[in-house]
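Student: There's a structure below that I have some questions on.
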Amino acid sequence: MNYYNYVNFQKEINKNSRTSLINNWKVTEGISKKVDSKGYYLEFIGNTTLIFLNSKEIAMVRKIQQQLYSQIGELLATPLNPDTFHVTIHDLCNPYTSKDVYSCMTNTEEKIKKLFNSTLKKYINITIKLESIGLFNGNSAIGIQFIPSTKKDFDSLIDTYNIIDTVFPLNSTLIPHVTLGYYKPINYSIEERKRIVKAIEDIKSNISLNLFIKNLSLQKFFSMNEYKEVFTLMNL
């Protein structure tokens, strides 16, 4: 997929994510593993590769999160801690992708460390700029969706993803985003879904992010609101 097609693909996902909310949409079944019916985060263990936002970016995203929760907060899980705001580069082990999460985490940690110390070291001075295209419904959560600003940014992003994909194939296309809040494992009424659509369409998110590849890290998570660093590219 080239840059032009990738951007159009992301915009189509964004559009369809709103349309689907009105068309007999149901929150993804797997959310019950992450959030309880009262909106509290459950233990959900795994690991992932990501880049955390910097303080300026966190402040911008936090304002958007506050707008979202002021409109439909009672429909969502507890607000995510702003310190967890990040862009996932490549998912790894979790209860959806592995039967034995702990074994998977041990195996992938070794493989990812080798990648960081070899192939990905060549990307350590690269910065990837992303531009927001609006809020979107991710079926388990609401987030801000992004696209690479230029073909160069696209190439760097996809190259990084593909390198990690060699040791943990997902057979999926990366959707760059920052999660703002998760849904609850409940059946949302059509009136509630219309409110969600209105919030997604009304809230503006004209922001950009600079992802420094040197900050790419392997993180363990214990819930969707609790992360712990295993290692970061620039520290190896």
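Student: How many residues are crowded, with 19+ Cβ neighbours inside 10 Å and either free of Cβ contacts under 8 Å to residues at least 60 places away in the same chain or touching a Pro at 6+ places or on another chain (Cβ under 8 Å) (or both) when one looks only at region 40-57?
Tutor: 2
Student: Looking only at region 135-149, count every residue that is within 11 Å of the chain's Cα centre (by Cα), closer than 22 Å to A59 by Cβ and either at pLDDT below 95 or part of a loop (DSSP other than H, G, I, E, B) (or both) and tell me the total.
Tutor: 0
Student: While we're on this one: Of all residues being in a helix (DSSP H, G or I) and not small (G, A, S) in region 27-39, which is surrounded by the most Cβ atoms within 10 Å (Cβ to Cβ)? Just the residue, please. Give the steps one after another, and end with the answer.
Tutor: Step one: of region 27-39, the residues in a helix (DSSP H, G or I) are 29-33.
Imposing the further condition that a residue be not small (G, A, S) reduces the set to 29, 31, 33.
Details: E29: 10, I31: 20, K33: 14.
So the residue we want is I31.
Student: Taking region 79-133 on its own, how many of its residues are closer than 15 Å to N162 by Cα, surrounded by 20 or more Cβ atoms within 10 Å (Cβ to Cβ) and among the aromatic types (F, W, Y)?
Tutor: Count: 1.
Student: Looking only at region 153-169, filter to residues that are outside any helix (DSSP H, G or I) and in contact with a Ser or Thr (Cβ under 8 Å, 6 or more places away or on another chain); which one of those is farthest from A199 (Cα to Cα)?
Tutor: Step one: list which residues in region 153-169 are outside any helix (DSSP H, G or I), which gives 166-169.
Subsequent filtering for residues that are in contact with a Ser or Thr (Cβ under 8 Å, 6 or more places away or on another chain) retains 167-168.
Values: V167: 39, F168: 36 Å.
Per the stated criteria, the residue is V167.
Student: Oh, and also: What's the number of the only condition in (1) among the aliphatic types (A, V, I, L, M); (2) in a strand (DSSP E or B); (3) over 30 Å from K204 (Cα atoms) that I112 fails to meet?
Tutor: (2)
The values are calculated or read from the model by the stated rules, or taken from the named source; none is laboratory data. A quick note: this is a predicted structure, and the numbers were derived from the prediction, not measured. All Cβ positions, even for glycine, are placed from backbone atoms using ideal geometry, and neighbour counts span all protein chains on display.
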